[in-house]
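The structure appears below as structure tokens.
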Amino acid sequence: MRAATIVLRKDLRVLLRSPLLLGALLAYPVVIALLVGLIAGYASSKPRVAFVDEDHLPPVVSVAGHRFHLQAVINDVAKQVTLVRIGPKEAARELADGRVVATVTVPPGFLGNLETMATSPSLVLRTGSGGLSPRVTQQMQSLVYQLNQKLQAGYIAANLRFVSLILHGGPGTFLGRHFDLLGLDGTQAELAKLPPSRRVAVIEHFVQVARVGLAQTGAALRATANPITLTQPASHGRTWVLSAQVQAYGIALTVTFLALLLAAGAAAAEKDEGTIGRLRRGLVSFGQLVWAKSALAAVVGLALGATIAIVFGLVVEIGGVTGGEPWARLPLLFVGVTLVGGVVGAAGVLLGALAREARTASLLAVLVVLPVVFLGLVPRGALALAYWVSLFLPFVHAVRWFGAALYDTSPWRTIGIETLWLVGIGLVFGLLARGALRRLAA
Amino acid sequence: MTVAGPLVRALGVARTYGEIEALAPTDLELSGGEAVALVGPNGAGKSTLLAIVAGALEPTRGTVESHVRIGWVPQRPAHYARLSVRENLELFARLEGMSDPAGTATRLIERFALPPEARPSGELSVGNRQRLNVTLSLLGDPRVLLLDEPTASLDPGQRRRVWDVVDALRDDGGAVCFATQNIDEVGERADRVVVLQNGRVVFAGPPSGFAAVEQDVFG
């Protein structure tokens, strides 16, 4: 290992002497972190949505005998967006300019339909063409769903009052008409006063069955109003914040890309400079050379990953992104990026040895890294073959490792499994790289 | 001073690249106190033979036996271009396991009048890079020195300095084998000549016998 350490120190010194490459290596993670941070901030921020009230809704509306503070209800269920109350022309202009991502319009007649329920009232949603449109559409669908849920409670209560009137009788109002109802209780009492007969017995039986049936109406109404409800159980304690997920992909992509490129270039450079012949004369074995280049990639991976995580953390903290940065987890993340850097480095040495020349190695690394990353992004259900191939490449395991380190409350099982995968992949690439270096030296 | 018995013995070493035979099975022995010239046109197999004997290239067939340290000067300078002369010397001295890499580098820089400044060796002149190439081969005090056209890019003064080193090693009982296309060097420096053509030895003997095959080999 002494020889490998000497070569590693030499490579680091050479790296520090390459101002352009060093500048790129320093700038790259900062730029990536800023971009990822901005994306996370943008994705986590509350988009502005114009609220156009063409029906002049009063602050309080009465629906089925229930009083609703409508704006408060809307504000309550629309917590993921910032509703801006503006006129229709201004809303259209702001939507076109992109200052609002959507407009929600309450058309004329909305309140009348809501109060009478003669027809279902509608809200009109218009979205822009930005990347947040699908999310806003979902949020507006969620808003309408939740509004309906709140209104349903009122309607069910009103319906149950009519059922209660039928059951027990009493004064009531429907569509502005007042009435006084006998009810099934009163009917049964009146029937009891009549002389017994077959016809009276039939009516009494009907009243009894109707009373039992109507007594179950409340539960039945609630069940039919919400035949399916959606509940979201906690997924293994995972906090699942967007910022951490985006960060895991950002770091994995950057470390994979640069570690592969660097290790490939460093391995091929030994051929370019003619030094591989000197080294192999008993000074450094091919295995030690693979170790040295992989260690170089690991060191650079650590530096890149740490820079991204810290800069990203500062960006999301300053930007107030939901979830923030799990600072306490960064040491664990640093272990992961070092491991991934080393494993990707072994793959890079293989590429460099196959390419036999630094420029070709760099180009080859760029060409290889993109499919590797895209394979890692293919969901299992979309293309099974791509998923299985990606399992034998480091990117997908890097993402899982970093994701677990950043946002799993109990990350150890995932980290253990992914570490085994990465070590196995690293060993395979390392052995292949050793063989390829032997060929490179020939 | 001559030491009995070969310091290096290559037995039937050969190298092929796919279908191409770069070096047919070849024997080569280097004894203490002798200088052997490897002569032949481009592509004759001289560099391949030297690299195999130096351990820088694996032979497809055959073996190399040696119990002494071998220094190797490849045809193309082999050092790290972004490191200075001193850093290159210290790096390879460390890899050779020498106890005082810094002191060794200082001594070699002074001995070969190498540029002492810290600028990258890749920015040196061709001649200076070749001198560094030769100097790197002397790390570890080798008893056998293999030089692949070591003076091709050197001026007369630099050539003399390289040959002084070679002569000193030979006089001290070491062995030298150098590839060259300079016929004058063969007569002046070699005790024995091995002529290669198309990967095969076509002559091996004293320099006086080389003249007989020179015309056939070089045309």
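Which condition breaks for B:Val176 when tested against (1) part of a strand (DSSP E or B); (2) within 20 Å of B:Phe218 (Cβ to Cβ); (3) not acidic (Asp, Glu)?
(2)
Working only within segment A:157-211, note down all residues that are in a helix (DSSP H, G or I) and of a type in the set (Lys, Arg).
The answer is A:Arg161, A:Lys193, A:Arg198, A:Arg199, A:Arg211.
Please work out if B:Thr63 is among the polar types (S, T, N, Q), away from chain A (no Cβ under 14 Å) and touching a residue at least 40 places away in the same chain (Cβ under 8 Å).
In short, yes.
Among the residues of segment B:94-127, write down those that are in a loop (DSSP other than H, G, I, E, B), of a type outside the set (Gly, Ala, Ser) and more than 24 Å from A:Leu8 (Cβ to Cβ).
Within segment B:94-127, B:Phe112, B:Leu114, B:Pro115, B:Pro116, B:Glu117, B:Leu124 meet the criteria.
Limited to segment B:84-129, what total is found for residues that are away from every other protein chain (no Cβ under 14 Å) and among the hydroxyl-bearing types (Ser, Thr, Tyr)?
So the answer is 3.
Would you tally the residues in segment B:33-72 being hydrophobic (A, V, I, L, M, F, W, C) and assigned to a strand (DSSP E or B)?
Total meeting the criteria: 8.
Among (1) crowded, with 24+ Cβ neighbours inside 10 Å; (2) facing chain A (nearest Cβ under 9 Å); (3) not hydroxyl-bearing (Ser, Thr, Tyr), there is one condition B:Ala81 misses while meeting the rest; what is its number?
(1)
Checking B:Pro150 against (1) surrounded by 21 or more Cβ atoms within 10 Å (Cβ to Cβ); (2) touching a helix residue (DSSP H, G or I) at 6+ places or on another chain (Cβ under 7 Å); (3) not aliphatic (A, V, I, L, M); (4) not assigned by TED's automatic domain parsing to the domain that holds B:Leu30, which test does it fail?
The single condition B:Pro150 does not satisfy is (4).
With respect to B:Val165, determine if the residue is without any contact (Cβ under 8 Å) to a residue 60 or more places away in the chain, touching a strand residue (DSSP E or B) at 6+ places or on another chain (Cβ under 9 Å) and not polar (S, T, N, Q).
yes
Can you name every one of the helices (runs of 4 or more DSSP H) wholly within segment A:213-304 that holds 2 or more residues which are at pLDDT 90 or above?
Passing ranges, in order: A:242-272, A:275-279.
Name the residues in segment B:36-59 that are more than 14 Å from chain A (Cβ to nearest Cβ), at pLDDT 90 or above and surrounded by fewer than 24 Cβ atoms within 10 Å (Cβ to Cβ), would you?
Hit for segment B:36-59 is B:Val36, nothing else.
Table: residues versus (1) in the same structural domain as A:Thr105 (by TED's automatic domain parsing); (2) farther than 26 Å from A:Gln216 by Cα; (3) crowded, with 16+ Cβ neighbours inside 10 Å.
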| residue | (1), (2), (3) |
| --- | --- |
| A:Met140 | yes, yes, yes |
| A:Gln146 | yes, no, no |
| A:Ile166 | yes, no, yes |
| A:Phe179 | yes, no, no |
| A:Leu182 | yes, no, no |
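So, in segment A:1-46, of the ones that are within 14 Å of chain B (Cβ to nearest Cβ), over 17 Å from A:Ala259 (Cβ atoms) and part of a loop (DSSP other than H, G, I, E, B), which residue ends up modelled with the lowest pLDDT?
Of everything passing the filter in segment A:1-46, A:Met1 is modelled with the lowest pLDDT.
Which ones in segment B:11-35 are among the polar types (S, T, N, Q) and away from chain A (no Cβ under 14 Å)?
B:Thr26, B:Ser31
Is there a residue in segment B:149-160 that is of a type in the set (S, T, N, Q) and part of a helix (DSSP H, G or I)?
Yes, there is a match, as at least one residue in segment B:149-160 is of a type in the set (S, T, N, Q) and part of a helix (DSSP H, G or I).
Working only within segment A:387-434, note down all residues that are touching a residue at least 60 places away in the same chain (Cβ under 8 Å), of a type outside the set (Asp, Glu) and either within 14 Å of chain B (Cβ to nearest Cβ) or not in a helix (DSSP H, G or I) (or both).
Passing the criteria: A:Thr409, A:Ser410, A:Pro411, A:Arg434.
Exactly one condition in (1) surrounded by fewer than 20 Cβ atoms within 10 Å (Cβ to Cβ); (2) within 14 Å of chain A (Cβ to nearest Cβ) is false for B:Asp141; which is it?
Condition (2) is where B:Asp141 drops out.
State yes or no: is B:Ala78 within 19 Å of A:Ala441 (Cβ to Cβ) and in contact with a Phe, Trp or Tyr (Cβ under 6 Å, 6 or more places away or on another chain)?
For B:Ala78, the condition - within 19 Å of A:Ala441 (Cβ to Cβ) and in contact with a Phe, Trp or Tyr (Cβ under 6 Å, 6 or more places away or on another chain) - is not met.
Check B:Val195, B:Val213 and return the single one that is of a type in the set (A, V, I, L, M) and out of contact with any helix residue (DSSP H, G or I) (no Cβ under 7 Å at 6 or more places or on another chain).
After ruling out the rest, the residue left standing is B:Val213.
So that you can scan it fast, the table gives a plain yes or no per residue for (1) more than 17 Å from the chain's Cα centre (by Cα); (2) over 25 Å from A:Val284 (Cβ atoms):
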{"residue": "B:Ala14", "(1), (2)": "yes, yes"}
{"residue": "B:Ile20", "(1), (2)": "yes, yes"}
{"residue": "B:Pro25", "(1), (2)": "yes, yes"}
{"residue": "B:Gly32", "(1), (2)": "no, yes"}
{"residue": "B:Val53", "(1), (2)": "no, no"}
{"residue": "B:Thr63", "(1), (2)": "yes, no"}
{"residue": "B:Val73", "(1), (2)": "no, no"}
{"residue": "B:Pro77", "(1), (2)": "no, no"}
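Looking at segment A:105-136, which of the residues that are among the polar types (S, T, N, Q) and at pLDDT 75 or above is nearest to A:Phe68 (Cα to Cα)?
Among residues in segment A:105-136 that are among the polar types (S, T, N, Q) and at pLDDT 75 or above, the one nearest to A:Phe68 (Cα to Cα) is A:Asn113.
Considering A:Ala72, A:Ala78, A:Ala64, A:Ala102, which residue is over 35 Å from the mean Cα position of the chain (by Cα), modelled with pLDDT under 85 and in the same structural domain as A:Val144 (by TED's automatic domain parsing)?
After ruling out the rest, the residue left standing is A:Ala64.
Restricting to segment B:167-215, name every residue that is hydroxyl-bearing (Ser, Thr, Tyr) and loosely packed, with under 14 Cβ neighbours inside 10 Å.
Result: B:Ser208, single match.
Name every residue in segment A:361-409 that is of a type in the set (Phe, Trp, Tyr) and buried (at least 19 other Cβ atoms within 10 Å of the Cβ), in order of residue number.
Passing the criteria: A:Phe395, A:Trp401, A:Phe402, A:Tyr407.
I'd like to know if segment B:194-203 contains one or more residues that are free of Cβ contacts under 8 Å to residues at least 60 places away in the same chain, in contact with a strand residue (DSSP E or B) (Cβ under 9 Å, 6 or more places away or on another chain) and under 22 Å from B:Gly32 (Cα atoms).
yes
The values are calculated or read from the model by the stated rules, or taken from the named source; none is laboratory data. From a predicted model like this one, the values you see are computed outputs, not experimental measurements. Neighbour counts are summed over all protein chains in view; Cβ atoms, including those assigned to glycine, are modelled from backbone coordinates with ideal geometry.
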